[in-house]
Amino acid sequence: MKTAVITGASSGIGLAALVELAQKQYAIVGVGHDANRSEQALKQVLAAVPGAHVRFVNGDLMQQREVTRVAGEIGAILESEYNGKLDALVNNAGCVRSWYTTTEEGYEQQFALNHLAGFLLTYHLLPQLKRAGGRVVFTGSESHKHMRVRWNDVMFFSGYHPLTVYKQSKLCNILFAKGLNDRYLADGVRAYVVDPGLVCTDIGNKNTGSLVNFVWKYRKKHGVSPQVPAKTYGYLVETEPAPEELYYYRCKPNRYSREVTSENAGRLFELSERLCGIQYPASEPGKGGKT
């Protein structure tokens, strides 16, 4: 049985992607922030896919200690029940913040959750991904095309603007995916980014100010249901041979920013390692389960 881990899985795109993979007979660990919402999500999944192999682990991925704890729980499940293999990791958890707010580490919250959480979780689960020749999928955004990384102030300590900070975090997603491919493609691990388009979710209504909340309530009315982009996640983790492009919209390759270069990806990789206090291992070509 193939395995998957999906963050931000208790609602929206993450929940829709979870149902999509459950229908494809994956054993899935969903990561949610709130135990009550995760319990409700699990009921929805089981109603849609009776007998689905799904469980939830809960944690605040904005905090690095929580990412490490959650990764430990997931790793233990994979090692004890699934031969230590992870076929698909979907880094979907994300947020929008109306004002400059920091984590326990003092990191701006959108940068911390939208980028660093996935960076650190992928690091911890990389051994299991290598064993399966797994795929890593990020939830991106078309808005990344209109942004450059603010290298001298990635946390936007000065000049904070919610949309600008969000755009940078989405650019970081695709730069990280590029960096993973540059490092671990020879190990059989491949990374992708999904542009979900405008989707009717509550991301802009969670812990945001009145203006962002109002604007998002209007915008999301014009969005598609989460089930639409969920098909692309299924496509990227299931298609054989593995799709070769980096950025996908509705199951088809899409153009991405010229800022997505190996140089920028490497620079972000090194910065993120310092911010997380980790160092990714060197590639071991040929160790992956698939190529």
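The values are calculated or read from the model by the stated rules, or taken from the named source; none is laboratory data. In this text, all values refer to a predicted model and were calculated from it rather than measured experimentally. Because the Cβ atoms are built from the backbone with ideal geometry, glycine has one as well, and the counts that use them run over all protein chains shown.
What to note about this one:
- Single match in 57, 29 (criterion: of a type outside the set (D, E, K, R) and under 26 Å from residue 181 (Cβ atoms)): 29
- Output for the range 137-152, where each listed residue is among the polar types (S, T, N, Q), in contact (Cβ under 8 Å) with a residue 40 or more places away in the chain and part of a loop (DSSP other than H, G, I, E, B): 141
- The range 238-290: number of residues that are of a type in the set (Lys, Arg), over 29 Å from residue 150 (Cβ atoms) and modelled with pLDDT of 95 or more: 1
- Residues within the range 42-84 that are closer than 24 Å to residue 110 by Cβ and either of a type in the set (Lys, Arg) or at pLDDT below 95 (or both), tallied: 2
- With respect to being among the hydroxyl-bearing types (Ser, Thr, Tyr), crowded, with 19+ Cβ neighbours inside 10 Å and not in a loop (DSSP other than H, G, I, E, B), residue 68 falls outside the description.
- Taken together, the criteria exclude residue 131 from residues that are touching a residue at least 40 places away in the same chain (Cβ under 8 Å) and assigned to a loop (DSSP other than H, G, I, E, B).
- Some residue of the range 137-149 being among the hydroxyl-bearing types (Ser, Thr, Tyr) and within 13 Å of the chain's Cα centre (by Cα): yes
- Any hit, the range 88-107, residues being assigned to a helix (DSSP H, G or I) and either free of Cβ contacts under 8 Å to residues at least 40 places away in the same chain or closer than 15 Å to residue 8 by Cβ (or both): no
- Here the range 177-201 is the region considered, the condition is being part of a helix (DSSP H, G or I) and touching a strand residue (DSSP E or B) at 6+ places or on another chain (Cβ under 7 Å), and the residue that is surrounded by the fewest Cβ atoms within 10 Å (Cβ to Cβ) is 181.
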